[in-house]
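What follows is calculated from the coordinates using simple rules that are stated; it is not laboratory data. If you're wondering where the values come from, they're calculated on a predicted model, not measured in any experiment. Glycine gets a Cβ as well: all are built from the backbone with ideal geometry, and neighbour counts include every protein chain shown.
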Amino acid sequence: MGRIALESFDAEAPVATGPDPEYQAGFVAGEAAGLAAAAAQETALQAELVQTIADLNFTYSEARQDIMQALRPLFDQVITTLLPHCIDAGFAPEIAALIHGQIDDAMAGRLTLAVHPSQLNAVSDALQSLAAPPDLAPDDTLTPHAAWISGGAATRHLDLDTLMAEVSGVLAAIHTAAERTPTHG
């Protein structure tokens, strides 16, 4: 008969597995160098990110202040040129419009219009188209673009100089408020 061979389970000396010690030392040194390089690159990227964010730190307040500073010449021109021109050009036609179509029944009857003496000619010319122009009266106490319209028991006051001063004040206040807005960016 044939021989049967059985496997031996006796403990044998362990066979060394894994890299040799020189390879292992090189691997550990390479890994440490790679981690150090990655950490240095991460630190550099973080510093660059912080700088970029700091450069982009343009706050609402700064943007508002820049816009208001850019609008200042426009506001100055509106206050010094446009409003006075509009008031000068529109005063007499506004008086005529009030008298022609916007005076209510409480002012029925003969109307009296008091204006600054410098406006008598312009207002008189604007009222020529009316069938019954009001009585014009000079009033030195009025500003050049103000008028009192009286008729019956009612009186109306038109004061475009005060309106211009209030609009100018609002525009100036907008700019002044923009200058006082602190920036904490």
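For the chain, the longest principal axis of the alpha carbon atoms and the long axis of helix 60-77 meet at an angle near 30°. Once the Cα-Cα distance is subtracted from the 0.36 nm per residue extended length, the A131 to E7 segment shows a gain of 31.1 nm. Per-residue Karplus couplings for region 87-99, computed as 6.51 cos²θ - 1.76 cosθ + 1.60 with θ equal to phi - 60°, are listed in order as 5, 4, 6, x, 5, 5, x, 5, 4, 4, 5, 4, 6 Hz, Gly and Pro entered as x.
Scanning residues 5 or more positions from D139 or on other chains, those with amide H under 5 Å from its amide H are V115, H116, with H placed 1.01 Å from N in the peptide plane.
Couplings 3J(HN,Hα) of region 45-50, computed from phi: 5, 5, 5, 5, 5, 4 Hz, in residue order, whole Hz [Karplus 6.51 cos²θ - 1.76 cosθ + 1.60, θ = phi - 60°; x for Gly and Pro]. Computed from phi, the 3J(HN,Hα) profile of region 22-36 under the Karplus parametrisation 6.51, -1.76, 1.60 (θ = phi - 60°) reads 5, 4, 4, 5, x, 4, 4, 5, x, 5, 4, 5, x, 5, 5 Hz, with x in place of Gly and Pro.
So how strong a dipole does the chain carry about its Cα centre when Lys and Arg Cβ are +1 and Asp and Glu Cβ are -1, to the nearest 20 debye? Let's see the in-between values first.
Details: 6 positive and 24 negative charges, 155 e Å.
So the magnitude is around 740 debye.
Give, in nm to one decimal, the length gained when the segment between D139 and T43 is fully stretched (0.36 nm per residue of separation minus the Cα-Cα distance). Provide the component values of the computation, followed by the final result.
Working: separation 96, 0.36 × 96 = 34.56 nm, distance 7.98 nm.
Here the answer is 26.6 nm.
All alpha carbon pair distances within region 60-180 were sorted into 5 Å bins beginning at 0; the resulting P(r) in whole percents reads 2, 11, 18, 17, 14, 10, 8, 7, 6, 5, 2, 0.
Under the rule of -39500 (n - 2.57) per DSSP H run of 4 or more residues, summed and divided by the residues of the chain, what mean residue ellipticity at 222 nm is obtained, to the nearest 500 deg cm²/dmol? Mind showing how you got there, number by number?
On the way: 5 runs with 96 residues, N = 185.
So the calculated ellipticity at 222 nm is -18000 deg cm²/dmol.
What range in the chain is the longest one free of trypsin sites (Lys or Arg not before Pro) that are in a loop by DSSP and have at most 15 other Cβ atoms within 10 angstrom? Looking at the chain, 4-109 is the longest stretch - no exposed trypsin sites (Lys or Arg not before Pro) with at most 15 other Cβ atoms within 10 Å.
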